[in-house]
Amino acid sequence: MGSRRLAALLLLLAWIPGALAEPLRVLSWGGAYERAQQEALFTPFSESNGTPVEVQRYAGGLAELRQAVEAREVPWDVIDMTRSQAMAACDEGLLQPLSPDLAAPAPDGTPAERDFMPGAIGDCALTHTLFATVVAYRSDAFPGRRPTRIADLFDQRRFPGPRALQRTPAVNLEWALLATGVPHEELYRLLSTPRGLGLALERLDALKEIHWWEDGETPVRLLTEGEVVMASGYNGRFFDAMISRGAPIEILWDGQVQEHETWVIPRHADNPDTAREFIRFATSTERLVALARRIPYGPARASAAVRVGSHPQSGVDMRLHIPTHPLNAERAITKDETWYARTLTRMDDYFAEWLSARQARTGEASAPPAGADDQPVAP
């Protein structure tokens, strides 16, 4: 009798989609971004093939991935990773190669290599969206004037008050040089020299009362609670706070730093076939449109970019909030991801040494994360 009941139970489970399927383990960034991914990507993927998706939160960096690959115990099947870090990880042999034919054609049959933006299809990574690191400010902080350029971030005489900046050299160095008058096209050439690095760090050092953040929700919290008047952060997070919570903040698009966000498969992943199936699904035109309607990151496919419409809850036209919109991208910086991939460790070490000396002198500390669960999140 027991055997018949067990057989009947197994037969029943076999008819329940996903009941016995191995879960796809995804490493992503949490917050508003992950909520948008759940609606646009993860839930539809599970519904389409019965594979449950388990999501863990990611803080960026390669240290944990290196350790996992070295131990051959990799707890993720797919990672949502910035392209600069994906390029560095690929060079170190931490990622599996991806076939150039992995992505699906556009709905009209246009091959993926012609539909995706240049450079989106890499050896180990496939770009799905472009996000931007921007400066946002409290709209009630400066009566009679508003910040209009990235140099205003460093002008605490005209725009007084504490700032929040990410605890990383990326973007901070570019902005510091822009504020000193360095042209966009000279940024990375100058940052490759001791003089350029010194100039950038000197400009950063002139700022008073910096709240250093590591968690992508923290600058939103610091702004909305009035602990700072200006903050760097991810455009999608600020948009979510403005639209969903009515936060009194505005985005300064001048000097925005655009970066590719990619899907990668770590070396020694347990379910690489399912991971490839997911990446093909998640980078389809339909899914990229669905994601961009929920969080304003620019789709990497031309066929998706032209289909972006309104936010499903608020009705806001998402095209006007995407970093790649012509009005927003007029003075954008395209992050030199090859330069960062090549200099990642050296720049991180250099910045950490400088920041440690600054914090010892000023008593500044990193801002506590926004979430009660203390989990780090980013784009």
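The values are calculated or read from the model by the stated rules, or taken from the named source; none is laboratory data. What you see is a predicted model, and the numbers here were worked out from it, not measured in a lab. Here Cβ is always computed from backbone atoms with ideal geometry, including for glycine, and neighbour counts include all displayed protein chains. When the accessible area is computed, the model is the full protein with side chains, heavy atoms only, and any ligands, DNA or RNA have been set aside. Shrake-Rupley method; radii C 1.70, N 1.55, O 1.52, S 1.80 Å.
Here the sum of -39500 (n - 2.57) over DSSP H runs of 4 or more residues, divided by the residues of the chain, equals -10500 deg cm²/dmol at 222 nm, to the nearest 500.
Ser139 exposes around 30 Å² of accessible area when a 1.4 Å probe is run over every protein chain in place. Magnitude of the charge dipole for the chain, about its Cα centre and with charges confined to Cβ atoms of Lys, Arg (+1) and Asp, Glu (-1), is about 640 debye. Of the trypsin sites (Lys or Arg not before Pro) in region 42-133, the ones in a loop by DSSP (not H, G, I, E or B) with at most 13 other beta carbons within 10 Å are Arg72.
Computed from the C-beta positions of Trp339 and Thr180, the FRET efficiency with R₀ = 25 Å rounds to 0.85.
With a Förster radius of 30 Å applied to the beta-carbon distance between Asn49 and His268, the computed FRET efficiency rounds to 0.80.
Each residue of region 166-261 gets 110 Å³ once the volume of the Cα convex hull is shared out per residue.
Among the listed options (i) 80, 47, 45; (ii) 63, 52, 38; (iii) 65, 46, 38, the one matching Cα extents along the principal axes in Å as calculated from these coordinates is (i). Could you run the Debye sum over the Cα atoms of region 54-136, one equal point scatterer each and no solvent, and tell me log10 of I(q)/I(0) at q = 0.24 Å⁻¹, two decimals? Per q value, in the given order, log10 I(q)/I(0) is -1.24. Placing unit charges on the Cβ atoms only, positive for Lys and Arg and negative for Asp and Glu, gives region 130-256 a dipole magnitude near 260 debye about its Cα centre. On full extension, the segment bounded by Ala63 and Glu250 gains 63.9 nm, given 0.36 nm per residue less the C-alpha separation.
For region 175-232, the list of trypsin sites (Lys or Arg not before Pro) that fall in a loop by DSSP and count at most 14 other C-beta atoms within 10 angstrom reads Lys208.
Placing a pseudo-label 7 Å from each Cα along the Cα-to-Cβ vector at Asp155 and Glu330 gives an inter-label distance of 1.7 nm. Would you please state which residues of region 112-154 a label at Ser99 would reach in this model, taking the label point 7 Å out along Cα→Cβ and a backbone N cut-off of under 14 Å? Hits in region 112-154 for Ser99 at 14 Å: 112. Couplings 3J(HN,Hα) of region 215-227, computed from phi: 9, x, 7, 4, x, 5, 4, 4, 5, 5, 8, x, 6 Hz, in residue order, whole Hz [Karplus 6.51 cos²θ - 1.76 cosθ + 1.60, θ = phi - 60°; x for Gly and Pro]. Exposure check, 1.4 Å probe, all protein chains in place: Val134 carries approximately 0 Å² of accessible surface.
How high is the relative contact order of region 176-231, given as a whole-number percent (alpha carbon pairs under 8 Å, six or more residues apart)? Computed over region 176-231, the figure is 26 percent. Each residue, Gln313 and Ser366, gets one label point 7 Å from its Cα in the Cβ direction; the gap between the two is 2.9 nm. Here the dipole of region 287-345 is about 220 debye; that uses its Cα centre as origin and unit charges on the Cβ of Lys and Arg (positive) and Asp and Glu (negative).
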